[in-house]
Amino acid sequence: METVTPMSTERPEAKNMRTRPRTKAPSDAAPRRAARAVVCYAVDRLPAYDRNFYESVRRDLTKVSETIVPPRDAGTFRVPAGHLFRIVSSDGPQVGDLNLWNANDLSERFFSGKTRALHATHVTTGDRLWSTLPYLRPLATITHDTLDWYGFDDDGGGVHDVIGTRCDPYTQLLLGGTEYHHCCHSNLSRALAAHTGLPVREAELHVHDVLNVFMCTGFTRDTHQYFMKASPVRPGDFIEFFAEIDLLGALSACPGGDCSAEHSNDTAKCYPLKVEVYRPSEKALSGWKPAEASRYSRGHGSG
Ligand SMILES: [Zn+2]
């Protein structure tokens, strides 16, 4: 006999919703919850974003290189200190996963978590991409963002997040039971291996949490779960950075395309991304010096 399953009235995403254990709240729960929220870091003590300097640097630029990152793949690029680089949407809405290293020492790399804590969940013009401890210096400063108009939408979503990690084959296997080898993590690992000559297994250990370029993400209001929605990026949009030290970058064109529905498979429509590197005039850079690592990196911050 055939059994009939009643139609579910649940929302399709309900299976992904998190449930919390509910312990009876104490009688003073309300005043405990009402404690004042304090922004964690005194970011007004960070070196100020010198708009005049960066705008003057942007005024007279010579393009010195261009890298095309094919869809579902990654590419590397070098940016000398004092140069600018742009990540450009060229053909269609596409998300990019960015890794950055000190070009002379792979142990110093982009520190997504501290960047988030110092600036915000999503970054834009005037924010900096900080490096890992014990160095903790700005690797790059964002000097232009054509998507800065987006702000935060009604879902709490924003663009260019430092809250996601990168799509990777391990999580894909854990949750989906399937193997996929063009995740951003794999793409970045192979690109770094090709650039450095390291075996992929070794290069993989240098790949780190990314800046999700052009990706639109946030946390659901009720359960604070990480969500994504279609990126608002369109061809011609770009985000631009000033290299505060010599940089090696790697960029993956995410297999999720605009990340409107899924990633970690070959289903989404994907487009290439372009990285352009520009040299400013010598005059604009006169007196400028690369960022210095924290003085604790020479002594010892931990001792
Ligand atoms: Zn990805």
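The values are calculated or read from the model by the stated rules, or taken from the named source; none is laboratory data. Here the structure is a predicted model, which is why all the values come from computation and not from measurement. Reconstructed Cβ throughout: ideal geometry from the backbone, glycine too, with neighbour counts over all protein chains shown. Side chains included, ligands, DNA and RNA excluded: accessible areas come from the protein's heavy atoms. Shrake-Rupley method; radii C 1.70, N 1.55, O 1.52, S 1.80 Å.
Taking the residues in region 78-89 that are outside any loop (DSSP other than H, G, I, E, B) and open to solvent by less than 10 Å² (accessible area, probe 1.4 Å) as candidates, determine which candidate is farthest from GLU276 (Cα to Cα). Only one residue fits best here, namely SER89. For region 11-33, enumerate the residues that are of a type outside the set (D, E, K, R), more than 17 Å from ARG221 (Cα to Cα) and open to solvent by less than 80 Å² (accessible area, probe 1.4 Å). Answer for region 11-33, where residues must be of a type outside the set (D, E, K, R), more than 17 Å from ARG221 (Cα to Cα) and open to solvent by less than 80 Å² (accessible area, probe 1.4 Å): ALA25, PRO26, ALA29, ALA30.
Quick check on ALA193: is it open to solvent by 40 Å² or more (accessible area, probe 1.4 Å), touching a Pro at 6+ places or on another chain (Cβ under 9 Å) and of a type in the set (A, V, I, L, M)? It would help to see each step written out before you state the result.
Numbers: open to solvent by 40 Å² or more (accessible area, probe 1.4 Å): no; touching a Pro at 6+ places or on another chain (Cβ under 9 Å): yes; of a type in the set (A, V, I, L, M): yes.
Answer is no for this residue.
On the stretch given as region 219-233, residues that are surrounded by 15 or more Cβ atoms within 10 Å (Cβ to Cβ), within 16 Å of the ligand (Cβ to nearest atom) and of a type outside the set (A, V, I, L, M) total 3.
When LYS269 is tested against (1) surrounded by fewer than 17 Cβ atoms within 10 Å (Cβ to Cβ); (2) more than 19 Å from VAL88 (Cβ to Cβ), only condition (2) is not met. Residue pairs whose Cβ atoms lie under 9 Å apart, separated by 6 or more positions or on different chains, with the first residue in region 234-254 and within 16 Å of the ligand (Cβ to nearest atom) and the second assigned to a strand (DSSP E or B) and acidic (Asp, Glu), are ALA250/ASP97; LEU251/ASP97; SER252/ASP97; ALA253/ASP97; CYS254/ASP97.
With respect to the conditions (1) within 16 Å of the ligand (Cβ to nearest atom); (2) surrounded by fewer than 20 Cβ atoms within 10 Å (Cβ to Cβ); (3) over 16 Å from the mean Cα position of the chain (by Cα), ASP153 falls short on a single one, namely (1). Looking across region 260-285, the residues that are within 20 Å of HIS144 (Cβ to Cβ) and either part of a loop (DSSP other than H, G, I, E, B) or within 15 Å of the ligand (Cβ to nearest atom) (or both) come down to LEU273, SER281.
Scanning region 160-202 for residues that are within 10 Å of the ligand (Cβ to nearest atom) and either assigned to a helix (DSSP H, G or I) or of a type in the set (A, V, I, L, M) (or both) turns up CYS184, HIS185, SER186, ASN187, LEU188.
In region 119-129, the count of residues that are outside any loop (DSSP other than H, G, I, E, B), within 24 Å of ALA291 (Cβ to Cβ), open to solvent by 20 Å² or more (accessible area, probe 1.4 Å) and touching a Lys or Arg at 6+ places or on another chain (Cβ under 8 Å) is zero.
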